[in-house]
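The values are calculated or read from the model by the stated rules, or taken from the named source; none is laboratory data. Everything numeric here is computed off the predicted structure, so don't read it as measured data. Cβ placement follows ideal geometry from the backbone for every residue including glycine, while neighbour counts extend to all protein chains displayed. All accessible areas refer to the heavy atoms of the entire protein, side chains included, with ligands and DNA or RNA removed. Shrake-Rupley method; radii C 1.70, N 1.55, O 1.52, S 1.80 Å.
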Protein chains: 2
Amino acid sequence: MHSTQKPRPTPPSRRRVTAAMVAERAGVSTATVSLVANGKASGRVSATNEAKVREAIRALGYVVDGIGSSLARGVSNTVIMVAPDISNPFFATVIAGVRSALGSKYQLLLSVTDAGQLPSADDTRRLLGLRPAGLLVDAPELSFLEELSAPGPLVLLDAPGFGPEVPAVNLDVAHGARLVAGHLAAAGHKKVAYLDGTTGTTTFELRRTAFLDAAAELGMEIPDGAMASTTINVGVAADAFAEAWPGWKAAGVTAVVCATDTHAYGILQEARAAGISIPGELAVTGFDDLPYSRTSSPSLTSVNLPGELLGRRAAEQLLRLIDGEELETQQVTLESTLMVRGSTFEA
Amino acid sequence: MHSTQKPRPTPPSRRRVTAAMVAERAGVSTATVSLVANGKASGRVSATNEAKVREAIRALGYVVDGIGSSLARGVSNTVIMVAPDISNPFFATVIAGVRSALGSKYQLLLSVTDAGQLPSADDTRRLLGLRPAGLLVDAPELSFLEELSAPGPLVLLDAPGFGPEVPAVNLDVAHGARLVAGHLAAAGHKKVAYLDGTTGTTTFELRRTAFLDAAAELGMEIPDGAMASTTINVGVAADAFAEAWPGWKAAGVTAVVCATDTHAYGILQEARAAGISIPGELAVTGFDDLPYSRTSSPSLTSVNLPGELLGRRAAEQLLRLIDGEELETQQVTLESTLMVRGSTFEA
DNA sequence: CTGAAAGCGCTTACAG
DNA sequence: CTGAAAGCGCTTACAG
């Protein structure tokens, strides 16, 4: 092979050590190398040969080629997680849970969508070409499953609204929203405002509708104009609140329920700047219970979502699917709890 | 092949559509299918055949198998980014930059390290088995390169302290630290404290030493005991500050320089709770200029680091490397700027 | 313009 | 316990 072409990408400086090279050095076949390299040697390879192969592997720095291996076995040892929103601090805890459940057998790879985009079937199809052992999809589009056929082992996270036949681990955000409503009603609030997120995530819809339903049942009113929505950004939320507050106040609003803690931080911030007393004049609640909510001042009443557990459970389910087991329960729903703090409750 | 074994993982329900199936349906060879499927048809495949193949691809829902393709070509169309700290909001902007530069030719996959761990050569070696077209490594361990031999196209991000021969895009954090020192000295501060991060990231070391050197030059003093360090967590930083402040105050400290904005948020929070006037009694500076710093109250003086640009430049360099081009400059350093705000400057 | 064929690196029945 | 060989799905010279 003459290499006389001008543009020669990727100079072959990086010589790949193959199983064949190891086999030659050890004086065995590549089959034996494969067995040893994959830890399947016991009872199938003589101690002498195993030692020889190990020596050769070490000397040559051999690492099993994932591509060749994946092609031969039909799947890779990769688990791919598709997620929309890595900038959400909550997400880091989910990842930690996934990693802890996955252990070292599978390599976790993250694929993030563009800002504001939910994971689509299209994204995922491309990823399927990498033959992941399994797929974890966080907060997918509603049309996700219709479009994606025969996807192999797959577990959805935070995907309310999907049929019971698809393996999913969900957070009981509706319950959390009801807890918020109950808490505010018990504290005597009659008129409340709602600050929503603008991404079309289903979880936001659930939070909102569950809260509104419960509020209505409990005799709380959302006055006209007392619903707003912004992106998940402290500053933007603060501005929106600054603009809305005079009207809300005039309408008798005494509490604002936020779709995320981040929205609530914006309100807290603006309230401080504008001298609005919290919770005296206005109670504020969040959702997600981010770490900062425990320590902000005032600390933020928020719905705690078990992120680490969400990730762990999802990965555990996926592992079962990969092993060809039946799932006892296709759908797992994790409890959310209300953390009552200073933003709604005068100590 | 009899499939009489009991445990049969991954039921073959998911029938893979192969190029051979497409070829058969279209009445052509797999070579032709490959050309069409990869957009290399023009001038090499007749219009008739191309149309037939396209029809078959659509009808069958064929997607090129990434594994087979990668094995045949030697590399995948994947770019893998290894990063330590996705919970840092700054990271999301870096990713956005990487994605925008990468476009659709390469699929970006993220591999995150365990909490508190920097990317190691070991992590990366496993990833190499996936034959990425290129590798982006954010904030690697110092020993990273010694341990990793012949890694193929590789660009480091935020990796100060590596030799000039390794392609890297860095942030000029030292310059930023000097700006902070200059700003505080100009405002008349004589005694300052430093609140550092505890992860051993080189960037923290750089921030600290650059600041300390500049401070000394400018005649500012760091009193005994006026250096502390905590994890990157608002609450923890707040507690540490609460404990340290009496001593610092007694020593005459009038400004605290923080290694990250998150640390500074902790101080802001504790100061509010403790009634310490900022910036009247104490000036506070951060680092990273997170979005919230513009809108906190008081807003936070901070060193702005161009995260999106960092990601973009790194990806652009990597693309050149992948294409076999020489890099004009192995090392790119991006400017940091000081954003002076309310936490150091009375309006 | 086209297809037969080799080859990428590995794994896994299979025969010994 | 061991190795020769087939095969995973694709791409790419090569010959026509």
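In the stretch A:124-150, the residues that are touching a residue at least 24 places away in the same chain (Cβ under 8 Å) and assigned to a loop (DSSP other than H, G, I, E, B) form Cβ pairs under 7 Å with partners that are small (G, A, S) and open to solvent by 30 Å² or more (accessible area, probe 1.4 Å), at six or more places apart or across chains, as follows: A:L142/A:G161. Here A:A96 passes the criteria (1) buried (at least 17 other Cβ atoms within 10 Å of the Cβ); (2) free of Cβ contacts under 8 Å to residues at least 40 places away in the same chain except the one numbered (2).
Scanning the stretch A:163-186 for residues that are surrounded by fewer than 18 Cβ atoms within 10 Å (Cβ to Cβ) and hydrophobic (A, V, I, L, M, F, W, C) returns A:V166, A:A186.
Given the criteria farther than 24 Å from B:V192 by Cα, part of a loop (DSSP other than H, G, I, E, B) and either touching a residue at least 12 places away in the same chain (Cβ under 8 Å) or not polar (S, T, N, Q) (or both), does B:E325 qualify? Can you show your working first?
Details: farther than 24 Å from B:V192 by Cα: yes; part of a loop (DSSP other than H, G, I, E, B): yes; either touching a residue at least 12 places away in the same chain (Cβ under 8 Å) or not polar (S, T, N, Q) (or both): yes.
Here the answer is yes, as B:E325 does meet what is asked.
Tell me, yes or no, whether the stretch B:236-246 has at least one residue that is within 14 Å of chain A (Cβ to nearest Cβ), at positive phi and modelled with pLDDT under 95. No, every residue in the stretch B:236-246 fails to be within 14 Å of chain A (Cβ to nearest Cβ), at positive phi and modelled with pLDDT under 95. Among the residues of the stretch B:234-242, not a single one is under 30 Å from B:L128 (Cβ atoms), open to solvent by 10 Å² or more (accessible area, probe 1.4 Å) and in contact with a helix residue (DSSP H, G or I) (Cβ under 7 Å, 6 or more places away or on another chain).
Set side by side, the residues A:T329, A:T333, A:T295 differ, and just one is within 24 Å of A:T209 (Cα to Cα) and polar (S, T, N, Q), which is A:T333. Whenever a residue of the stretch A:333-347 is not assigned by TED's automatic domain parsing to the domain that holds A:D288, its partners that are open to solvent by less than 30 Å² (accessible area, probe 1.4 Å) and charged (D, E, K, R), lying with C-beta atoms within less than 7 angstrom and at least six residues away or across chains, give the pairs A:M339/A:D289.
Mind listing just one residue for me: the one in the stretch B:99-117 that is among the hydrophobic types (A, V, I, L, M, F, W, C) and open to solvent by less than 40 Å² (accessible area, probe 1.4 Å) and, of those, nearest to A:S100 (Cα to Cα)? It comes out as B:V112. Determine the pairs where a residue that is assigned by TED's automatic domain parsing to the domain that holds B:R54, located within the stretch B:21-34, has a partner that is open to solvent by less than 30 Å² (accessible area, probe 1.4 Å) and polar (S, T, N, Q) with Cβ atoms under 8 Å apart, the partner being 6 or more residues away or on another chain. Close Cβ pairs (under 8 Å, with a partner that is open to solvent by less than 30 Å² (accessible area, probe 1.4 Å) and polar (S, T, N, Q)) amount to B:A23/B:T32; B:A26/B:T32. Considering the stretch B:16-67 alone, what residues qualify as being within 14 Å of another protein chain (Cβ to nearest Cβ) and within 7 Å of DNA strand C (Cβ to nearest atom)? The answer is none; no residue qualifies. The residues of the stretch A:257-289 that are in contact (Cβ under 8 Å) with a residue 40 or more places away in the chain and assigned to a loop (DSSP other than H, G, I, E, B), listed by number, are A:A259, A:T260, A:I278, A:P279, A:G280, A:D289. Being over 24 Å from B:D123 (Cβ atoms) and open to solvent by 50 Å² or more (accessible area, probe 1.4 Å), is that true of even one residue in the stretch A:55-70? Yes, some residue in the stretch A:55-70 is over 24 Å from B:D123 (Cβ atoms) and open to solvent by 50 Å² or more (accessible area, probe 1.4 Å).
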